[in-house]
1. What single numbered condition from (1) among the charged types (D, E, K, R); (2) under 26 Å from Val43 (Cα atoms); (3) in contact (Cβ under 8 Å) with a residue 60 or more places away in the chain fails to hold for Lys121?
2. Would you tally the residues in the range 97-124 being surrounded by fewer than 19 Cβ atoms within 10 Å (Cβ to Cβ), within 17 Å of Ala185 (Cα to Cα) and among the hydroxyl-bearing types (Ser, Thr, Tyr)?
3. Conditions: (1) outside any helix (DSSP H, G or I); (2) hydrophobic (A, V, I, L, M, F, W, C); (3) within 17 Å of Gly99 (Cβ to Cβ). Met154 meets all but one. Number of the miss?
4. Please enumerate the residues belonging to the range 192-209 that are assigned to a helix (DSSP H, G or I) and in contact with a Leu (Cβ under 6 Å, 6 or more places away or on another chain).
5. Is there any pair with a first residue in the range 104-117 that is farther than 16 Å from Glu47 by Cα and assigned to a loop (DSSP other than H, G, I, E, B) and a second that is at pLDDT 85 or above and not aliphatic (A, V, I, L, M) whose Cβ atoms are under 8 Å apart and which are 6 or more apart or on different chains, and what are they?
Amino acid sequence: MFSLYLVPKNAHSSQRAVTTALWCNFLVFSLKFGVWLVTSSHVMFAEVVHSVADFANQALLAYGLSSSRRAPDALHPYGYSKERFVWSLISAVGIFCLGSGATIVHGFQNLGTLHTPGNIKYAALVIGGSFIIEGVSLIVAIHAVKKGAAAEGMTVRDYVWRGHDPTSVAVMTEDGAAVTGLVIAGASLVAVNITGNAIYDPIGSIIVGNLLGMVCHTSSPLIVFHIWILFNLI
């Protein structure tokens, strides 16, 4: 029972999910940042912040996974497996809450200074390409969650809430939010293009900010629950 916490059965799948998400987010950030400079779109700025949050989050998750595999020592005779829970919590609470606040404030600040984004066609291409990239990362994360659930004899739903490895679940949640954010950004720019009303651009930024807040709100209690279980069983 104890060994489940030291060496998760799906450790390789979790590592693969995090690594895939890390590189996908870096590529997507580069694309979004470039198109934001060209379009000056508020919703694309929100997506840039979203990608920065995603990338920083995956970097912390990767560090947590690496740190959790350290061998036991005199100071930590039971090993460092708990660290992946702690870094998951830090990434969810710190990064996504800050990203949420920044994009919401940016959106509201620009409701009164409307300007129509330029070069929307480039934004459309980047959103479409990013959707594919994030979709691939999401599929890898879903596969990791399913594999972890099967290894522990749980349904996917039970594994999300009671599984012993929060990393792949965190990646799946954040990749799902990334795909949803791209849909919101695309819909905002389509609305601007069709109606000629630039207000849909900052509104999209506000919605994306709320999406980041939802990730923080959803992930934090889940990870705290995992940490509570861990400290009560070890």
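The values are calculated or read from the model by the stated rules, or taken from the named source; none is laboratory data. On a predicted model such as this, the values are computed, not experimentally measured, just so you know. Every residue, glycine as well, gets a Cβ built from its backbone with ideal geometry; the counts of neighbours run over all protein chains shown.
1. (3)
2. 2
3. (3)
4. Pro202
5. Leu111/Pro202; Leu114/Asp201; Leu114/Pro202; His115/Ser40; Thr116/Gly196; Thr116/Asp201
Results for (1) touching a Phe, Trp or Tyr at 6+ places or on another chain (Cβ under 9 Å); (2) at pLDDT 90 or above, shown as yes or no for each residue.
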{"position": "Val156", "(1), (2)": "no, no"}
{"position": "Thr195", "(1), (2)": "no, yes"}
{"position": "Ile203", "(1), (2)": "no, yes"}
{"position": "Leu222", "(1), (2)": "yes, no"}
